[in-house]
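One structure below.
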Amino acid sequence: MNPRRIILSLIFLFACCLLCLDGQSLQANEKTRQPNIILVMTDDQGYWDTEIAGNPDIETPTIKRLASQGVTFTRFYANMVCAPTRAGLMTGRHYLRTGLYNTRFGGDTLGQSETTIAQVLQKAGYKTGLFGKWHLGRYAQYQPHRRGFDHFFGHYHGHIERYTNPDQVVVNGESVETRGYVTDLFTDAAIDFIQRNQEQPFFCYLAYNAPHSPFLLDTSHFGHPEGDKLIEKYLAKGLPLREARIYAMIERIDQNLNRLLQTVHDLKLDEQTVVIFTSDNGGVSRGFKAGLKGSKASAYEGGTRVPFVVRWTDHFPAGKTTDAMVAQTDLFPTFCQLAGVPIPDDLKLDGKSILPLMVQGEGKSPHQYLYHTWDRYTPNPFHRWSIHGLRFKLVGHDPQGKKKKEGEPQGQLYDLQADPGETNNVAKQYPEKVSELRGEFLRWFQDVTAGQVYQPAAIPVGDEQELEVELQPSWAVLKGDDLEYSFDGYDWDTIDNWKSNSDTATWQLEVQKPGRYAVELSYGYRAEPELPGKLQIAVGDQKLDCKLPMSTSQNVFLKTDVGTLDLKQGRQLLTVRAVQPEGIQGLRLNSLWLKSLE
């Protein structure tokens with residue numbers, strides 16, 4: 001036989017064998033259930049706030065045990081603050097691509113066109129649950145149960161004020177009352193979700209609001225004195241009260257993580273369940289910092305590196321540690337690969353699957369660079385930013401947020417391999433590296449912000465699932481010389497200093513259901529001598545004048561009915577101003593409510 005024909009025949013037979021093996025592998029995969037995914041994310045827990053980071057004071061035995069059973073990533077990066085990290089996690093895209101740009105002022109809203117990992121997994125047959133902090137939109141169309149989660153118990157804002165019997169929590173859009181300590185409550189709900197859905201693949205996202213401020217444990221009435229005991233233990237170690245509270249809150253998380261993992265074990269789900277533990281941004285504790293520079297809201301390593309441990313019994317190696325450079329955006333494609341579902345074709349992801357790193361417990365980073373930037377009010381490439389590869393990192397922290405003049409330093413350059421604590425600026429030794437990294441950062445910044453308009457999202461009015469809508473102060477655009485916004489924890493924020501009727505507060509509405517709406521106002525008002533105060537509420541040509549009775553003090557709030565407005569469908573502006581030229585001295589405006597009367 002012709003030698004060439006023999007070779008071709010052998011190649012053909014080899015290819016057939018490969019196809020046969022691929023088919024058998026595919027059949028085996030089809031028979032194998034998709035793994036459950038449990039993602040536990042804490043709030044403001046630093047890289048250094050665990051035993052596995054070498055912290056000599058904190059006690060986190062469950063996290064330590066999880067690390068011994070799985071893979072620890074020592075260079076896992078989140079964003080500098082919470083909502084941006086959560087947007088990146090949910091979408092696999094840098095948060096600036098998603099329309100989200102802030103942690104309040106309405107900028108903490110994930111764009112409606114974005115696809116969440118919960119939606120992808122839900123479509124693939126997963127039951128999906130979120131327990132804890134959402135912080136990607138508080139109005140009906142942006143809420144978790146309409147963005148891929150079958151069940152949501154938690155809160156919308158960046159933080160809540162009561163940790164015992166919390167009263168700012170909802171279940172699938174409905175406000176609820178609770179009894180208990182918040183970390184326990186979220187864990188209880190997650191455990192219940194797992195128990196109810198153990199017969200099918202599930203995605204359980206347990207997003208604790210601790211150890212975010214206020215630094216509270218159950219220290220009075222309910223659970224007393226369990227919270228006190230934890231705090232006293234850390235005070236006895238010599239920690240200041242603030243740090244003792246934070247460490248105690250983290251240990252309480254560790255205890256609840258143990259309950260969660262024990263549930264998985266008791267249900268014999270260990271080999272079917274991927275468990276991840278991480279945090280949303282740099283830490284806020286001030287004691288031990290593992291040699292890192294900076295904290296939450298900083299572009300230095302201490303502001304962006306967070307703990308990350310992953311375990312999948314009998315699938316991922318136990319006790320391995322990797323310094324591969326990865327990020328929170330990588331979880332979206334990783335979860336897709338775990339579930340065996342394709343990434344939607346229309347998505348432009350920034351994340352890369354890190355499943356190979358998890359399987360091997362080692363390997364190279366899928367990224368050439370990672371980028372960080374954040375500004376309180378609008379994206380600014382000159383304010384607070386960084387870019388780094390495996391070795392060099394360029395970082396800038398300019399309080400003025402102004403473009404550098406020619407010849408001025410473009411940033412601080414650090415050699416992370418030799419100097420992970422960012423103590424020695426080597427910009428003068430490597431000017432070409434500074435130029436290269438700064439140019440790449442600006443290119444990237446232009447790319448991720450292209451086509452975006454960063455402003456408070458229009459508030460949906462008349463949604464069938466939210467017929468009464470609250471217009472909160474942080475969503476208003478203030479104009480004038482005197483009006484100012486006071487942050488008191490989202491639900492208690494106010495607009496103050498109504499010194500002139502030329503100053504205005506304006507909300508952008510998206511009226512989905514045209515018709516008549518009742519208007520209600522919440523405010524605190526006290527002045528000496530007692531003077532009548534009137535506010536005017538206007539939408540288009542319609543104007544309502546509202547006389548405000550005085551309350552006991554500026555900080556004692558009343559509700560009053562204002563009247564009704566006929567709202568047309570589509571985008572409209574609602575504007576509030578004082579009626580009198582001299583304004584309303586002593587007024588603190590909290591919220592307006594629009595309630596459909598149809």
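Quick look at the numbers
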quantity: Flag if ARG588 is part of a strand (DSSP E or B), over 19 Å from VAL461 (Cβ atoms) and over 33 Å from the mean Cα position of the chain (by Cα); calculated: no
quantity: Strands (runs of 3 or more DSSP E) enclosed by segment 467-542 - at least 1 residues per element that are over 28 Å from GLN168 (Cα atoms); calculated: 477-479, 504-511, 515-525, 533-539
quantity: Residue that is open to solvent by 20 Å² or more (accessible area, probe 1.4 Å), touching a Leu at 6+ places or on another chain (Cβ under 8 Å) and part of a helix (DSSP H, G or I), where the choices are LEU235, LEU257, LEU261; calculated: LEU235
quantity: Residues of segment 143-170 satisfying the condition of being open to solvent by 40 Å² or more (accessible area, probe 1.4 Å) and in contact with a His (Cβ under 8 Å, 6 or more places away or on another chain); calculated: HIS145, HIS151
quantity: Tally of residues being among the hydrophobic types (A, V, I, L, M, F, W, C) and open to solvent by less than 10 Å² (accessible area, probe 1.4 Å) across segment 181-203; calculated: 6
quantity: Single unsatisfied condition, LYS534 versus (1) open to solvent by 40 Å² or more (accessible area, probe 1.4 Å); (2) at pLDDT 95 or above; calculated: (2)
quantity: Test: GLU226 is at pLDDT below 95 and in contact with a Phe, Trp or Tyr (Cβ under 8 Å, 6 or more places away or on another chain); calculated: no
quantity: Qualifying residue in segment 505-528 (condition: at pLDDT 95 or above, of a type in the set (A, V, I, L, M, F, W, C) and open to solvent by 20 Å² or more (accessible area, probe 1.4 Å)); calculated: yes
quantity: Among residues of segment 354-379, those that are under 20 Å from the mean Cα position of the chain (by Cα), polar (S, T, N, Q) and open to solvent by less than 40 Å² (accessible area, probe 1.4 Å), counted; calculated: 1
quantity: Helices (runs of 4 or more DSSP H) fully within segment 52-142 counting 1 or more residues that are in contact (Cβ under 8 Å) with a residue 12 or more places away in the chain and within 24 Å of VAL395 (Cβ to Cβ); calculated: 82-91
quantity: Residue within segment 412-422 that is free of Cβ contacts under 8 Å to residues at least 12 places away in the same chain and not in a strand (DSSP E or B) present; calculated: yes
quantity: Of residues in segment 152-192 being under 26 Å from PHE202 (Cα atoms) and of a type in the set (Asp, Glu), the one modelled with the lowest pLDDT; calculated: GLU174
quantity: Tally of residues being in a loop (DSSP other than H, G, I, E, B) and not hydroxyl-bearing (Ser, Thr, Tyr) across segment 153-203; calculated: 22
quantity: Selection status of THR72, polar (S, T, N, Q), on the phi < 0 side of the Ramachandran plot and either touching a strand residue (DSSP E or B) at 6+ places or on another chain (Cβ under 7 Å) or modelled with pLDDT of 95 or more (or both); calculated: yes
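The values are calculated or read from the model by the stated rules, or taken from the named source; none is laboratory data. Predicted model only: the values in this text are computed from it and were never measured. So basically every Cβ, Gly included, is an ideal-geometry build from the backbone, and we count neighbours across all protein chains shown. These accessible areas exclude ligands, DNA and RNA; they are computed on the full protein's heavy atoms, side chains included. Shrake-Rupley method; radii C 1.70, N 1.55, O 1.52, S 1.80 Å.
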